[in-house]
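Trainee: Here you go, one structure.
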Amino acid sequence: MDKIYQQQINEITEHNIYAELAKLSLDDKNTKTLKIISNQELAHYNFWKEITKKEAKPNRWKIKKHIWLAKVFGLSFSLRLMEMGEVEASIFYNDISKKYPEALTIQEEELQHEQKLIGILNDNRLNYAGSIVLGLNDALVEFTGTLAGLTFAFSNNKVVGATGLVMGFAASLSMAASGYLSSKEEEANEKINPITAAIYTGVSYILTVVFLVAPYLIQDNPYIALGSMLFITVLIIAGYTYYISIAKILSFKKRFIQMAVISLGVAAISFGIGVLIKQVFGIGT
């Protein structure tokens, strides 16, 4: 009975989450589908209430969390993250159906939720994921290598940091222009606005550069700055890969390893080139 009551709480919580996300959606089709699912969750709640004979209060923290996730990371991310919980719910339904066969009907409706959500998702953040990846990947690959090379060429954090910022701002404008021209070529994709794509590309590029350069501007030891920069690189890769793997249902491990190997590999090569240039030209000696 405790498991049934917990499921009752889950149902009323998800009823409220879907209802709130429906209000956030700007797409009429998305809003309609989310309201339908919200009403189904309420019906499921009422079914379990007939068994437990108790009212249940929704998990307010979980509701606020998913609303916040939808506002910050997009509707797709919030919905996908919530639907991941359906795997655990299916175990409950299989167990409880022996005593309450009606649970199989509820389970079928829960499984249909995922298919409906796949069909409705239309999220600008995902539509422009290619533009974000373009800016983020280029910044990671270029500046992990550039900063590693400059670190061993100059051994002066202020010079490395200032040089990185100047190069970063210039490169971000170049990348924004590339993003604009690239999206102009994709005329078949009406969801992509070239100007918006350029902004996503440029902003993702410069923000990445700022995070990578920051260690050089806040302390003086070049080796600590280099280590911090590489650590931040891994965190950025992990964060974005986690987001895109949830929102688009992709393999986190494969994409993370791929991006990390490329970025850190370029940094290692640039490390060697920086040492070589320092020796050949006698910089800092």
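Trainee: Within segment 216-239, can one find any residue that is assigned to a loop (DSSP other than H, G, I, E, B), in contact with a helix residue (DSSP H, G or I) (Cβ under 7 Å, 6 or more places away or on another chain) and within 28 Å of Ala153 (Cβ to Cβ)?
Mentor: So far as segment 216-239 goes, yes, one or more of its residues are assigned to a loop (DSSP other than H, G, I, E, B), in contact with a helix residue (DSSP H, G or I) (Cβ under 7 Å, 6 or more places away or on another chain) and within 28 Å of Ala153 (Cβ to Cβ).
Trainee: Hey, among the residues in segment 91-132 that are of a type in the set (Val, Ile, Thr) and at pLDDT 75 or above, which one's nearest to Tyr240 (Cα to Cα)?
Mentor: Step by step, filter segment 91-132, then rank; the result is Ile132.
Trainee: How about segment 252-269: which of its residues are β-branched (Val, Ile, Thr) and surrounded by 14 or more Cβ atoms within 10 Å (Cβ to Cβ)?
Mentor: Initially, segment 252-269 is screened for residues β-branched (Val, Ile, Thr), giving 257, 261-262, 266, 269.
Correct list: Ile262, Val266.
Residue-by-condition table, conditions (1) part of a helix (DSSP H, G or I); (2) within 22 Å of the chain's Cα centre (by Cα); (3) assigned by TED's automatic domain parsing to the domain that holds Pro101; (4) at pLDDT 90 or above:
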{"site": "Asn16", "(1), (2), (3), (4)": "yes, no, yes, yes"}
{"site": "Ala19", "(1), (2), (3), (4)": "yes, no, yes, yes"}
{"site": "Thr31", "(1), (2), (3), (4)": "yes, no, yes, no"}
{"site": "Ile51", "(1), (2), (3), (4)": "yes, no, yes, no"}
{"site": "Ile67", "(1), (2), (3), (4)": "yes, yes, yes, yes"}
{"site": "Ala70", "(1), (2), (3), (4)": "yes, yes, yes, no"}
{"site": "Leu81", "(1), (2), (3), (4)": "yes, yes, yes, no"}
{"site": "Val87", "(1), (2), (3), (4)": "yes, yes, yes, no"}
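Trainee: For segment 234-251, state whether one or more residues are farther than 30 Å from Leu75 by Cβ and surrounded by fewer than 17 Cβ atoms within 10 Å (Cβ to Cβ).
Mentor: Checked segment 234-251: no residue is farther than 30 Å from Leu75 by Cβ and surrounded by fewer than 17 Cβ atoms within 10 Å (Cβ to Cβ).
Trainee: Then there is this: When you scan segment 53-65, how many residues do you find that are surrounded by 16 or more Cβ atoms within 10 Å (Cβ to Cβ) and part of a helix (DSSP H, G or I)?
Mentor: So the first thing to find is which residues in segment 53-65 are surrounded by 16 or more Cβ atoms within 10 Å (Cβ to Cβ), and the list is 56, 58-59, 62-63.
Right, trim to part of a helix (DSSP H, G or I) and you get 62-63.
Within segment 53-65, residues that are surrounded by 16 or more Cβ atoms within 10 Å (Cβ to Cβ) and part of a helix (DSSP H, G or I) number 2.
The values are calculated or read from the model by the stated rules, or taken from the named source; none is laboratory data. This one's a predicted model, so the numbers in the text were calculated from it and none came from an experiment. Neighbour counts run over all protein chains shown; Cβ positions are idealised from the backbone, glycine included.
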